[in-house]
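Please read the structure below before turning to the comments.
The values are calculated or read from the model by the stated rules, or taken from the named source; none is laboratory data. These numbers were taken from a predicted model, which means no experiment stands behind them. With ideal geometry, Cβ positions are generated from the backbone for all residues, glycine too; neighbour counts draw on all protein chains shown. Note: areas computed on protein heavy atoms with side chains; ligands, DNA, RNA excluded. Shrake-Rupley method; radii C 1.70, N 1.55, O 1.52, S 1.80 Å.
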Amino acid sequence: MAALEEFVASILQRKDMPSDDARCVAASLVRSEARGWKTHGLSRVKSYVDMLDEGLFNPVPAMHHTVLRGGVVFDADGAMGAVAARDILGAARHALRDSASVLVVARDVGHLGALGVHVLAAAESGLFCMAGQQTPRLLALEGFERRAIGNNPLAFGCPLPDAPPLVFDMACSKAARGHILLAAREGRSIPPGWAVDDEGAPTTDASRALHGALLPVGDAKGLGLAMMVQVLAASLSATEASNARAAPSLREGGGTSRVGAFFWFVDPDAFGSRAAFDESMSDWTGYFIGSSTRGAARLPGQRGATLEEQARKHGIALSAPVQDDLTALAQRFELPFAAPRRA
């Protein structure tokens, strides 16, 4: 994993990113890959470089924030998402010195990638964290004439005593668009119920789905969750300038730029005894796990933690398309690249 992080960071530094920021993004992408979030892992390196080429990310942002009573307004100045998330966590921890919880609304944030990796970082520091980000319009129901709202991902992380944190990460669609992008690249079909084509008809053709719309998880309930994220991420962070801009555009390679996001941080210590909190967390999660007589129950985040541990021991296996992308980038930037084993 360390070699992959170094390689990705070297690519980003060739695109004028400071060393610390490049390493932050590289670590986020590699960790996402290791935990099984492959749609937001190393498959994103090429699209991130493309977005830097197009000026959609600011490699040297002048980020700043304003602290309010119980909240923070954070201006990311077009920073890549992992860089903004790192500094947002820092600003929140400072604000939590005087508050039990803090809501951070962020403006002009680049693609955050897997939200789970950011809420995980907060949980590993002892905090509960919920996060969401505005995306281009992607969701519709069957029969809709156009995409109606973003699939606006949502995640939370929470510390667990003597165990990896809870980490739950979802898009408001039945499947992340990244899964459809990967299927289209690899010539695979997608399961029924994931998407409709550009005429609003159900499709299993990944290429047609990319020109159509994603279907929401839970039908209208998924649309409601997307609306909640839209309020917290987009409307709370809105300015006259952002309202005057066109809605975020959908890029063929995925990824967003200069959109809104939110992070809600809660310090469990501020609400009572940490020992009592830990006991409660252990009690209900233990009961949940024990509810399956076949041992099938697991907590969100457990599988990712296991995969990450295995990746740190045995390395990461990459699909052929991702290896091809990284090899091409190595040639472009004249960097050595020892390809990992293929998945």
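Listed by chain and number, the lysines placed with their C-alpha closer than 27 angstrom to that of LYS46 are LYS15, LYS38, LYS174, LYS313; residues fewer than eight positions away on the same chain are left out. Computed from backbone phi, the HN-Hα couplings of the range 297-306 come to 6, 8, 8, x, x, 5, 4, x, 5, 5 Hz, rounded to whole numbers (Karplus: 6.51 cos²θ - 1.76 cosθ + 1.60, θ = phi - 60°; Gly and Pro given as x). Measuring with a 1.4 angstrom probe and ignoring ligands and nucleic acids, LYS46 comes out at about 80 Å² accessible. Amide H contacts of ALA148 (H built 1.01 Å from N, in plane; Pro and chain starts excluded): LEU138, LEU139, ALA140 sit under 5 Å, all sequence-distant by 5 or more or on other chains.
Just to confirm my numbers, what's the Cα centroid distance between the range 189-228 and the range 285-307 in Å? Measuring centre to centre over Cα atoms gives 29 Å. Answer rounded, prolate or oblate for the chain, using the Cα gyration tensor with square roots of eigenvalues a ≥ b ≥ c: rounded when a/c is under 1.5, else prolate when a/b is larger than b/c, else oblate. It is rounded, given that a/c, with a ≥ b ≥ c, falls under 1.5.
Looking at the range 193-343, the accessible area is 58 square angstrom per residue; that uses a 1.4 Å probe and ignores ligands, DNA and RNA. Per-residue ellipticity at 222 nm computed for the chain from its helices equals -12000 deg cm²/dmol, with DSSP H segments shorter than 4 residues left out and the rest contributing -39,500 (n - 2.57). Full extension of the chain between SER235 and ALA3 gives 79.5 nm of extra length, using 0.36 nm per residue less the Cα-Cα distance.
Within the chain, DSSP assigns beta bridges of which about 85% are antiparallel (rounded to the nearest 5). Mean-square fluctuations from a GNM of the chain, with a 10 angstrom spring cutoff on Cα atoms, peak among GLY224, GLY41, GLY178 at GLY224.
Placing R0 at 35 angstrom, the Cβ-Cβ distance between ASP53 and ASP278 gives a FRET efficiency of 0.15 after rounding to 0.05. Rounded to the nearest 20, the size of the Cβ-charge dipole of the chain about its Cα centre is 480 debye, with Lys and Arg at +1 and Asp and Glu at -1.
Here the Gaussian network model covers the chain, with springs between Cα atoms less than 10 Å apart; of ALA246, ALA226, ALA131, ALA246 fluctuates the most. Charge dipole (Cα centre; +1 on Lys/Arg Cβ, -1 on Asp/Glu Cβ; no other charges) of the range 158-210 amounts to roughly 80 debye.
Largest mean-square fluctuation among PRO18, PRO59, PRO216, in a Gaussian network model of the chain whose springs join Cα atoms under 10 Å apart, belongs to PRO18. Under the classification rounded if a/c is under 1.5, otherwise prolate if a/b is larger than b/c and oblate if not, where does the range 242-292 fall, given a ≥ b ≥ c as square roots of the Cα gyration tensor eigenvalues? Oblate is the answer for the range 242-292, as a/c is 1.5 or above yet b/c matches or exceeds a/b. Spherically averaged projected area of the convex hull of Cα atoms, the range 118-213: 6.9 nm². For the pair the range 170-187 and the range 101-166, the centres of their Cα atoms are 17 angstrom apart.
Distance between the modelled labels on ARG245 and ARG188, one decimal in nanometres: 3.4 nm (7 Å Cα→Cβ projection). 3J(HN,Hα) along the range 80-95, derived from phi through the Karplus expression 6.51 cos²θ - 1.76 cosθ + 1.60 where θ = phi - 60°, amounts to 4, x, 5, 5, 4, 4, 4, 6, 5, 4, x, 5, 5, 4, 5, 5 Hz, with x in place of Gly and Pro. Along the charge dipole of the chain, which of ILE190, HIS111, ALA92 sits closest to the positive end, that is, farthest toward it, with unit charges on the beta carbon of Lys, Arg, Asp and Glu (+1, +1, -1, -1)? Checking the options against the dipole of the chain, the answer is ILE190. The relative contact order of the range 200-287 comes to 19 percent, based on Cα pairs under 8 Å that sit 6 or more residues apart. Cα gyration tensor of the range 183-323, axes a ≥ b ≥ c as square roots of the eigenvalues: rounded (a/c below 1.5), prolate (a/b > b/c) or oblate? Note, shape of the range 183-323 comes out oblate.
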